[in-house]
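Following: one structure in structure tokens, then a few remarks.
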Amino acid sequence: MPLMEWTPKLSVGVEQFDNEHKKLVGMVNELFDAAQAGRGKDALGPILDKLIEYTKTHFKNEESRMTAHKYADLAAHKAEHDALTRQVLEVQAKYKAGASAALSMEVLNFLKNWLVKHIQGTDKKYGPFMNEHGVK
Ligand SMILES: [Fe+2]
């Protein structure tokens, strides 16, 4: 069983960003599966790194679209991206510094909620705006 699933409830109405969100969901699940399988830091560390790298790419992609179309809530949205990035970098730093190779369910659930809350609470708001600007 995956930790989380992308469902149409998470759709923001823009295909590119839905696809990117699906990829992020896939990476959180990959991390969960590796943790469940009891894999070590050598396996979990790179998956976490990959998730962070892709998160940064994805946030930049959203921000450049919002910038291009002069989205009014860009500053607030970007501030949220920055806060989310800091949170996930903190998770990474703690994991790397910690003695244990295990990633707790608390951390995994945090990542799941981190993603779902942002998509449902903040990303969804740009959907109608993007659609009006021909971005679907
Ligand atoms: Fe976003």
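Here are the numbers:
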quantity	calculated
Average accessible area per residue (Å²) across the chain - probe 1.4 Å, nucleic acids and ligands excluded	54
The chain, accessible surface, carbon-and-sulfur percent (1.4 angstrom probe)	54
Qualifying trypsin sites (Lys or Arg not before Pro) in segment 59-129, DSSP loop, other Cβ atoms within 10 Å at most 16	Lys70
Sequence-distant aspartates and glutamates (8 or more away, or on other chains) whose Cα lies within less than 14 Å of Lys117	Glu5, Glu80
Separation in nanometres of the label points that stand 7 Å from Cα toward Cβ, at Ala93 and Lys23	2.7
Fluctuation leader among Asp18, Asp73, Asp123 - the chain, Gaussian network, Cα springs under 10 angstrom	Asp73
P(r) histogram, all alpha-carbon pairs of segment 1-80 included - 5 Å bins from 0, percent	3, 14, 19, 21, 18, 12, 8, 4, 2, 0
Cα-projected label distance for Lys136 with Gln36, points at 7 Å along beta-carbon direction, nm	3.7
Cα centroid separation, segment 116-133 to segment 61-107 (Å)	17
Reachable lysines, given that their alpha-carbon falls under 24 Å from the alpha-carbon of Lys124 and they are not under 8 places away in the same chain	Lys9, Lys22, Lys23, Lys56, Lys60, Lys70, Lys78, Lys112, Lys136
Projected label distance in nm at Phe110 and Arg86, using a 7 Å step from Cα toward the beta-carbon	1.5
Computed log₁₀ I(q)/I(0) - Debye formula, equal Cα scatterers, no solvent, the chain, q 0.17 Å⁻¹	-0.89
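The values are calculated or read from the model by the stated rules, or taken from the named source; none is laboratory data. Because the structure is a prediction, the values reported are computed rather than measured. Every residue, glycine among them, receives a Cβ derived from its backbone with ideal geometry; neighbour counts consider all protein chains shown. Protein only, heavy atoms only, side chains kept; ligands, DNA and RNA dropped before computing areas. Shrake-Rupley method; radii C 1.70, N 1.55, O 1.52, S 1.80 Å.
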